[in-house]
Amino acid sequence: MQPTTAGSDPASSTSPAASALTGHCLCGAVTITVEGRHDPRVGACHCRMCQRWSGGLFLCFEADASAVTVRGEVTRYRSSAFAERAFCPRCGSHLWFNDVEEGGEPRTYELMPGLFDAARDWPLRSEIYVDRAMACVPLAGDHRRKTRAEYEAENRFVEGDLT
Ligand SMILES: [Zn+2]
Ligand SMILES: [Zn+2]
């Protein structure tokens, strides 16, 4: 369970942003600006951890940490040995998922696209843990799909999904 590599293909369309993206949580206490490298495509994860955290469907997009500026108080939850999830302590809006780097700040953020108006038109890049998806959220399209077994075979550090 770890959406970071869901779309980290070498041909990623990651590119410098033409202009800054600005997003905010539901209550407005946290604002996030992305000015720099990010991938304007959305990845989905259907693992049980992401389902519990998101309420059903986890969506994210990648942005270099150097491109991200966060204003406002944020609470982080260490959801596994290698990752943490951030949310607004006032309204509960989910903000991002990131890998935990040894002794430093994350290099990449997996930001929640719903915070950003600009992301409303972005395409779906990939979907992981498709065999665990809730019946009510089949995602149409010819994007890349991976089952739990396929994803965990390629990402050995993942400890396995909640049962
Ligand atoms: Zn997940
Ligand atoms: Zn908030």
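Only the coordinates and a few stated rules stand behind these numbers; no lab work does. From a predicted model like this one, the values you see are computed outputs, not experimental measurements. We place every Cβ from the backbone using ideal geometry, glycine too, and count neighbours over all the protein chains shown.
Applying the Karplus relation 6.51 cos²θ - 1.76 cosθ + 1.60 with θ = phi - 60° to the stretch 136-152 yields 3J(HN,Hα) values of 7, 10, x, 9, 6, x, 10, 5, 6, 10, 9, 7, 4, 4, 5, 5, 6 Hz, where x marks Gly and Pro. What's the local net charge at Tyr77, with K and R +1, D and E -1, over the other residues with C-beta under 12 Å away? Overall, the nearby charge balance is +3. Equivalent ellipsoid of the stretch 96-160: semi-axes from √(5λ) of the C-alpha gyration tensor, largest first, are 23, 21, 10 Å.
Percent of Cα pairs in the stretch 43-100 per distance bin of 10 Å, from zero to the largest separation: 20, 57, 22.
Rounded to the nearest whole Hz, the Karplus-based 3J(HN,Hα) values (6.51 cos²θ - 1.76 cosθ + 1.60, θ = phi - 60°) of the stretch 98-114 follow the sequence 8, 6, 8, 8, 4, x, x, 6, x, 8, 9, 10, 9, 7, 6, x, x, with x at glycine and proline. Taking the three principal axes of the alpha carbon atoms in the chain, the coordinate ranges are 38, 34, 30 Å, sorted in descending order. Around the amide H of His24, modelled in the peptide plane, lie the amide H atoms of Ile32, all under 5 Å away and 5 or more residues distant in sequence or on another chain. With the simple spin-label model, which puts each label point 7 Å out from Cα in the Cβ direction, the Ala20 to Ala118 separation comes to 1.0 nm.
Fully extending the segment from Ala65 to Ser80 would add 3.4 nm, taking 0.36 nm per residue of separation and subtracting the current Cα-Cα distance.
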